[in-house]
Structure formats: C-alpha cells, structure tokens
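*Asks:* The structure follows.
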Amino acid sequence: MSKSRPTAAALTRSERLDRLPVTREHGRLLGGSGIGWALDAMDVGMISFVMAALAQQWQLDDTQLGWIGSIGFVGMALGATLGGLLADRMGRRNVFAVTLLVYGLATGASALATSVAALLVLRFVVGLGLGSELPVASTLVSEYAPTRVRGRLVVILEAFWAVGWLAAALIGYFVIAGSDDGWRWALAIGAVPAVYALYVRRSIPESVRFLESRGRHAEAEAAVRRFEQSPPLFRSAGTGAGAPVEEREAGGPTVVSASAHGTGPAALWSPALRRRTTGLWAVWFLLNFAYYGAFTWLPTLLAADGLGLVRSFGYTVIITAAQLPGYAVAAYLIERWGRRPTLSTFLVGAAGAAFLFAIADSPAFVITAGCLLSFFALGAWGALYAVTPEMYPTAIRGTGAGWAAGFGRIASILAPLTVPVLNRAGDIWLVFTVFAAAFVLASLATALLTEPRGRALEA
C-alpha cells in the first residue's frame, strides 16, 4: 500500500519553504546578505594591511600592532553574543541592518584617527557591529534555504568573505601602499556598509520562523508566498511548489522542539544540546585562533621578512585569491559528503598547509603553501558556518550561533597578541607549526557534532 502524502494545505510554512526549488528570491536574499558579508570581510582584511603600513609610518612595536589587530575581535566577541540574543528577540533582518550601520560609521571615523588610542576605541566599535552581523546573516539564509541545498547556500554565502578579503587585498596593494595617507583612504572606503544598511532594511525579508514565533502570522504567510511565487533560478532546480513532500521515515532523526530545551544561553547546555555545543565552541575557538593569527599578521610578517611593503601586499593578493576555489569545493562536498566529513577534511588540509608554510624557504614555496592554506582554511569556514545554525532549534538558533561565534572570537583576540611572542621565540616556523596543531585539534572536535545533512531545521 502506498503511503499517503501531505497536501500543500496541510504543510507548515517551514515545510513549504523546505520543498521549494532555489528561486530568484533565494538569489536576492543570498546576494543581499552576501554583499553585507563581503563588506565585513573587507573591513577585517583591511586592518591587516593598515597594520603593516602603520608599523612603518607610526613606528609601532609588535605589542601596539598586536592590540590594533586584536581589539576589533574583542568587540566581535561581545557583538556576536549580543547579536545572537537580539536576533532571537528583535528579528534577524533588523539586527543585520543595525550592525551594518554601526560598523560602517565606525570604520569611516577610523580614517580620521591621529593616535593609537583613538584607533583602538574605534576598532572596538567596529568589532561590535561585525561580530553581531555575521552569525545573524548565516542564520537568516539557513532558515530560508530548502533542506536539500541549505548547507550549500550557506557555504556560498560564506564565499562572499573571500570576495571581501580579496577586495581588501587589492585596496591594500593599490591604495594603502600607494601613499602615506593610503590607509586613511582605505578606511574611508570601509564606510560603505553604513549606506548599504538602508538597502538591507528595505529589501531583505525577515525570517519566517522568527515571525511565527512572535505571532506575526500574516507577515510570515506573505513572506512564504513571495518565495513560492518567485520563478526558479535553474530549470532543473528540483521540486516545485506543487511537488510531493517526502514523509519522515520512522526511526529517522528526531526533531526536538525548542520547548524541550528552554530558551536563552543556558538552553545551549541542556542534556540534548551540550555535546554539540561543546564541539561547536571548540571548533570555533581553534579555527579562529589559527585563521586570524595567520592572516591578520601575514602582510606584516612577509614585509618584515625582507619582501618590502608592496611586494608582501602583492603576495597576499595571490594567496587571498585561493580562498574562492576553497569555498567552491566545500559548497559541492557539503551536500555530497555531509557537514562533518567536509569540515574535518578541510581542517586537516589546513593543518598540512600551515606546516608547509612553516618550512617554506623560497618565494614560490611561500605562495604555494599560502594558497593551500587559504583554500583549506576558508573551505573549513564555509562548512562551519553552514553547520552552526543547524545545531539548534528556532527559538535559540540565533543565540546558539552567536555564542559559538562569540566564544571563538576570544581566540581571535588572543591570536594576534600571541604571534609576536611565537615569532620572537622561534620565527615563522614556530608560529605556523602552532597554527597547524590548532587545525588538527579542531578537526578532532568535529566528532562531537551531529550530521544535519538532508534534515529539516528543528522547529
């Protein structure tokens, strides 16, 4: 006897979204969120080039440079935890727009800084905005994406990070290295997100799951219909609005409602969630430490190694470009292999690349190892951002993603401060060997995560 299948009228709004093909509305959401993500990356990436310029112009020592690199991450740690909480209370879109405005204005103001103290204060405010926005954007895209391609769409969102970091590298090469005031002009360009926030507030849809949790059912229904009525982006995009929905098989993964866990940060450590929270926090911490330790200092380390400012910036542009294929491969594998195998594999690859960088003894070797490090590290970031919101139910999804990111930012604070110490103790070899070990430990921590590929998000 054939199984009965639910009709469209019997489906929840979340199920209606899960069964859609990838539509033009999905493309608009992904593009709109992705541009914001790229602007974030441009800001974070630019500070590494600003550090290299200020080291020469302001004659700063390693400790001062370390704090310029780290203070933004202090703000990001606080911003990520607060942003996730606010997203679960005020809505994903509202927090997304406000954070763009905050860090855009603060970045523009940084261009006028005349002292290290003023720059530190402004970079802290920039970090507040950046830290709040990143987990909110990935949560919003995850909640609209159809189940079968959810991980892939979030990885594509994360790929905009490479676009932004590449833009930062090009600004570093053509603007910062071009004149003594180049770093000021670069930071002035970083004010663009403040203008883009207006577009986000008007054009990006609010999360349907959030609207339903607040009893705003008319708005939720309108948002779902907007996606249902949008034409597919691809002719072979899978099921359409009238296609049957596969039933959940008996014995399949259990979907637990938010009421079983409670709400707020304490819910992340409920018996059903504490294992995955532990794994997430460990991966976020270790990946932040290795990635930001390496890439925040990369232009400065290369310049100090005798390459000079312009040449070191040129190398960094080439190394940064390798991030894009890393995201592309991760986006493909994440729906083929699953989240955990993809994340673990890319972390192991990043460990190997970091060790190769540690022993690189020629310009060609440096570029090759750096490109491999970019490829694997950024592919790992894509997989991590995809899996993080999938670990939690709707009521605490923003909180869960935000607190994981916030805990990880502690490592991004420590990493730029640790690099000068490691560099003095054992030169670049010790710096990147430590980063390789961090990548290995992060790979081991993925064993604590669940595998959400092909599963609907928890209600």
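*Asks:* What nm distance separates the two modelled labels at LEU233 and TRP185, each placed 7 Å from Cα along Cα→Cβ?
*Replies:* It is 3.5 nm.
*Asks:* How much length is gained on full extension from ALA10 to ILE318, taking 0.36 nm per residue of separation minus their Cα-Cα distance? Could the numbers behind the result be given before it?
*Replies:* Details: separation 308, 0.36 × 308 = 110.88 nm, distance 5.26 nm.
Length gained between ALA10 and ILE318: 105.6 nm.
*Asks:* Just how much of GLU212 is accessible, in Å², when a 1.4 Å probe is used and the result is rounded to the nearest 10?
*Replies:* Approximately 50 Å² of GLU212 is accessible to the 1.4 Å probe.
*Asks:* Would you please give the residues with an amide H less than 5 Å from that of THR23, counting only those at least 5 places away or on a separate chain, with H modeled from the backbone geometry?
*Replies:* Here LEU233 satisfy the definition.
*Asks:* Across the Cα atoms of segment 73-165, what radius of gyration and what greatest pairwise Cα-Cα distance (Dmax) are found, in Å?
*Replies:* Spelled out, the Cα radius of gyration and Dmax of segment 73-165 are 14.7, 51 Å.
*Asks:* Here is a further query. Compute the distance in nm between two label points, each set 7 Å from the Cα along the Cα-to-Cβ direction, one at ARG225 and one at ARG336.
*Replies:* 4.1
*Asks:* Can you work out the Karplus-derived ³J(HN,Hα) for every residue in segment 83-97? Use 6.51 cos²θ - 1.76 cosθ + 1.60 with θ = phi - 60°, whole Hz, and x for glycine or proline.
*Replies:* So the J values, rounded to whole Hz, are x, x, 4, 5, 5, 7, 10, 9, x, 5, 5, 4, 5, 4, 5.
*Asks:* Using each residue's phi in segment 27-41, evaluate 6.51 cos²θ - 1.76 cosθ + 1.60 at θ = phi - 60° and report the 3J(HN,Hα) Karplus result to the nearest Hz, with x for Gly and Pro.
*Replies:* Here the 3J(HN,Hα) series is x, 5, 5, 5, x, x, 5, x, 5, x, 5, 5, 5, 4, 4 Hz.
*Asks:* Something else about it: Using the heavy atoms of the protein chains alone and a 1.4 angstrom probe, what is the accessible area of the chain per residue in square angstrom? Numbers along the way, then the final one.
*Replies:* Numbers: 17180 Å² over 459 residues.
Result: 37 Å² per residue.
*Asks:* In addition: Work out Dmax and Rg for segment 271-453 from the C-alpha atoms and quote the Rg first, both in angstrom.
*Replies:* Taking only Cα atoms of segment 271-453, I get Rg and Dmax of 16.5, 54 Å.
*Asks:* Here's another thing I want to ask about it. Please report, in debye to the nearest 20, how large the charge dipole of the chain is about its Cα centre when each Lys and Arg carries +1 at its beta carbon and each Asp and Glu carries -1 there.
*Replies:* Taking the Cα centre of the chain as origin, the dipole is about 1380 debye.
*Asks:* Let me ask something else. Once amide H atoms are built 1.01 Å from N in the peptide plane, which residues 5 or more positions from ALA360, or in another chain, come under 5 Å H to H?
*Replies:* none
*Asks:* Calculate, for VAL116 and LEU198, the FRET efficiency according to 1/(1 + (r/R0)^6) with r their C-beta to C-beta distance and R0 35 Å; round to the nearest 0.05.
*Replies:* Rounded to the nearest 0.05, the efficiency is 0.60.
*Asks:* Can you give me the distance in nm between label points at ALA364 and ASP61, each placed 7 Å from the Cα along the Cα-to-Cβ direction?
*Replies:* Between ALA364 and ASP61, the label points sit 4.1 nm apart.
*Asks:* Something else about it: Using mean Cβ contacts within 10 Å as the protection proxy, how do 265-278, 40-53 order, highest first?
*Replies:* In decreasing order of mean packing, 265-278, 40-53 become 40-53, 265-278.
*Asks:* Heavy atoms only, probe 1.4 Å: what % of the accessible area of the chain goes to carbon and sulfur, would you let me know?
*Replies:* 65
*Asks:* Going by alpha carbons, how many degrees (0 to 90, nearest 10) lie between the helix axis of 309-321 and the longest principal axis of the chain?
*Replies:* In the chain, helix 309-321 runs at an angle near 20 degrees to the longest axis.
*Asks:* Quickly estimate the mean residue ellipticity at 222 nm for the chain, helices only: each DSSP H run with n ≥ 4 gives -39500 (n - 2.57), and the total goes over all residues, rounded to 500.
*Replies:* So the helix-based figure for the chain works out to -25000 deg cm²/dmol.
*Asks:* Give me Rg over Rh for the chain, both radii from the alpha carbons and Rh done the Kirkwood way, two decimal places.
*Replies:* Dividing the radius of gyration by the Kirkwood radius yields 0.98.
*Asks:* Can you list, bin by bin at 10 Å, the percent of alpha carbon pairs in segment 98-245, starting at 0?
*Replies:* 10, 29, 30, 18, 11, 3, 0
*Asks:* In addition: Would you mind working out the magnitude of the charge dipole of segment 271-453 relative to its Cα centre, with +1 at each Lys and Arg C-beta and -1 at each Asp and Glu C-beta, to the nearest 20 Debye?
*Replies:* With Lys and Arg at +1 and Asp and Glu at -1, about 560 debye.
*Asks:* Okay, moving on. Less than 10 Å Cβ to Cβ from THR23, Lys/Arg counted +1 and Asp/Glu -1: what total charge do the surrounding residues give? Walk me through the numbers on the way to the answer.
*Replies:* On the way: positive: ARG24, ARG28, ARG226; negative: GLU25, GLU228.
It works out to a net charge of +1.
The values are calculated or read from the model by the stated rules, or taken from the named source; none is laboratory data. Just so you know, these numbers come straight off a predicted model, no measurement behind them. Backbone-built Cβ (ideal geometry, glycine too); neighbour counts: all protein chains shown. Heavy atoms of the whole protein, side chains included, go into the accessibility calculation; ligands, DNA and RNA do not. Shrake-Rupley method; radii C 1.70, N 1.55, O 1.52, S 1.80 Å.
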